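Structure first, commentary second.
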Amino acid sequence: MLDVSVVVPFYNPGANIEDCLASLRAQTLAAERYEVILVDDGSGDGSDKRVQRYVDLAPDQFRMIRIPASGWPGRPRNVGVDAAQGRYVQFVDSDDSLHPRALERLLEIADGSDADIVVGKLTSDFRGLNHHVFRHTVTGRTIHDYPLVDTLTPHKMGRKSLLTAHRSRLAEGPRHVEDEHFSMQIYTRARSVAVVGDLPCYFYRRRRVSGRNLGDTEAAATDYFRDLAAVLDVIDEHVEDPEARIPLQRRFYRTELLGRLRGKPMNEYADSYRREVLDCVRALATTRFAPDVRDGLPVLLRTQSRLMLDDNIDGLTSYSAWLDDLRLVAQATSPTWAAGQLAVTIEARLSVGDEPLRLERDGQVWLVPAAVAPGVGAEDRIVSSAEVEAADLD
């Protein structure tokens, strides 16, 4: 049996797939230990001819499977898993590429720790990433003792037997957050998870030629939150302890619910769409999340949550604009080199526009200014001392 099967779905990537293919060909892992399965989801731009050149160069290692266009990545990924002959499966998107040593390092960690899943360090030239997940290389972790819930893309290496034993499939057809749905399935079933923090393994790349990156699709609010509810179902089904569910649910409350009430949906979209989003968010927030989920949020999100629960759409809109102006301004000073290490001092502050962030004082506590969150009581705007003491910057 091969060690690793790399599954790459593609649909009309054009020249963007060239870097991906070259990076897979250039892996330092011995060629006889891994295969590359490229699943053509009905491309019509000649991409199959680009792929075929690599298949012709290494027919024992590269192979292409053609399927009718499904329009979504779930189907071609599942086809690739079904065809995989490796002990582990690594997903790669056709827009992206791997570090030359990625497969070698991922497999080394997997075999050394008997991991069911190995998450390689992510980097990107256009996407925000949760760097705290990758500060260190760790092994023997689970979703309950490490912030794995903060990295839910499918671009990780998983033991094939884990995928097949539990039928952990990616949702097929027109489904949103299918990545989160899949990742939560395998995370909640994994006995041991490792994270590679000492090598940037996976490169999210902005498309260099044309077209949109995979996943760059707008969603109807009702469809999006229907599919998000299915992810919450996975947590409810596979995490029996209600206390253990809270930090997992908090991630989705923070990112998928409150995150949809900032930026374009609140500031640029039509009033009717803004109302639809808020109605969907409130419906999930009030039926699927216990108060402990909301109460454990940082102050800026607690404030936003109160505006949402109060159905204060005007307050949410103005608060979103304020959050969009909130910036971390950081400057590196006094770099020194000592004992083989570069030490850099970072000076940083939070600013709103060109002005420093200013809080309000109420007795012994600091508050988010009442003017930016109209109608929110002081109890939901308190900046706790614990938050200040735990603050850091990435």
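The values are calculated or read from the model by the stated rules, or taken from the named source; none is laboratory data. Because the structure is predicted, anything quoted here is derived from the model rather than measured. Cβ atoms come from the backbone with ideal geometry, glycine included; neighbour counts cover every protein chain shown. SASA here: full protein model, heavy atoms, side chains in, ligands and nucleic acids out. Shrake-Rupley method; radii C 1.70, N 1.55, O 1.52, S 1.80 Å.
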Exercise. Arrange the residues TRP337, TRP322 by how much accessible surface each exposes, largest first, with a 1.4 angstrom probe.
Key: TRP337, TRP322
Quiz item: What dipole magnitude, in Debye to the nearest 20, does segment 1-43 give about its Cα centre under +1 on Lys/Arg Cβ and -1 on Asp/Glu Cβ?
Solution: 100
Quiz item: Just going by the charge dipole of the chain, with Lys and Arg at +1 and Asp and Glu at -1 on Cβ, which of THR317, LEU297, TYR54 is farthest out on the positive end?
Solution: TYR54
Quiz item: Using θ = phi - 60° and the Karplus form 6.51 cos²θ - 1.76 cosθ + 1.60, what ³J(HN,Hα) does each residue of segment 249-256 get, whole Hz, x for Gly and Pro?
Solution: 5, 4, 4, 6, 4, 5, 8, 8
Self-check item: Extension gain (nm, one decimal) between THR336 and ASP125, 0.36 nm per residue minus Cα-Cα
Solution: 73.2 nm
Quiz prompt | J(HN,Hα) series, segment 126-143, from Karplus relation 6.51 cos²θ - 1.76 cosθ + 1.60, nearest Hz, glycine and proline x | solution = 7, 9, x, 10, 8, 5, 4, 5, 10, 5, 9, 7, 10, 9, x, 9, 9, 5
Self-check item: Unit charges at the beta carbon, dipole of the chain: most positive-side option, ALA244, PRO100, VAL133
Solution: PRO100
Self-check item: Signed unit charges on C-beta, dipole axis of segment 212-347, positive-most listed residue GLY340, LEU307, VAL277
Solution: GLY340
Exercise. Give the relative contact order (percent, whole number) for the chain; include only Cα pairs under 8 Å separated by 6+ residues.
Key: 13
Self-check item: Loop chymotrypsin sites (Phe, Trp or Tyr not before Pro), segment 94-198, which have at most 11 other Cβ atoms in a 10 Å radius of their Cβ (DSSP)
Solution: PHE126
Exercise. Could you work out how far apart the two model spin labels at ASP145 and ALA321 are, taking each label as a point 7 Å from the Cα in the direction of the beta carbon, and quote it in nm?
Key: 4.9
Practice problem: Find how many whole Å separate the alpha carbon centroid of segment 12-87 from the alpha carbon centroid of segment 117-164. | Solution: 23
Quiz item: Suppose R0 equals 51 Å; then what is the FRET efficiency for ARG361 and ALA31 from their Cβ-Cβ distance, rounded to the nearest 0.05?
Solution: 0.20
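Residue separation times 0.36 nm, minus the C-alpha to C-alpha distance between THR222 and GLU108: what's the value?
36.7 nm
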Quiz item: Cα extents of segment 107-212 along the three principal axes, largest first, in whole Å?
Solution: 41, 34, 22
Practice problem: Could you go through segment 257-264 in sequence order and give the Karplus-derived ³J(HN,Hα) for each residue, using 6.51 cos²θ - 1.76 cosθ + 1.60 with θ = phi - 60°, rounded to whole Hz, and x for Gly and Pro? | Solution: 8, 5, x, 7, 10, 9, x, 4
Quiz item: Could you give the dipole magnitude of the chain about its Cα centre, charging the beta-carbon of Lys and Arg +1 and that of Asp and Glu -1, in debye to the nearest 20?
Solution: 700
Quiz prompt | Rg followed by Dmax, in Å, when the chain is reduced to its Cα trace | solution = 22.8, 74
Self-check item: For peptides 38-49, 347-358, sequence by mean Cβ density within 10 Å, most packed first
Solution: 38-49, 347-358
Quiz item: Stretch ALA348-LEU309 to full length: gain in nm at 0.36 nm per residue minus the Cα-Cα span?
Solution: 10.8 nm
Exercise. Quote the relative contact order of segment 133-182 in percent (integer), defining contacts as alpha-carbon pairs under 8 Å separated by 6+ residues.
Key: 31
Self-check item: Candidate lysines - alpha carbon under 27 Å from LYS160, same-chain residues fewer than 8 apart omitted
Solution: LYS121
Practice problem: Treat each spin label as a single point 7 Å out from the Cα along the C-beta direction, and report the ASP241 to HIS132 distance in nm. | Solution: 2.0
Quiz item: List the aspartates and glutamates whose alpha-carbon lies under 13 Å from that of LYS49, not counting same-chain residues fewer than 8 positions away?
Solution: GLU18, ASP40
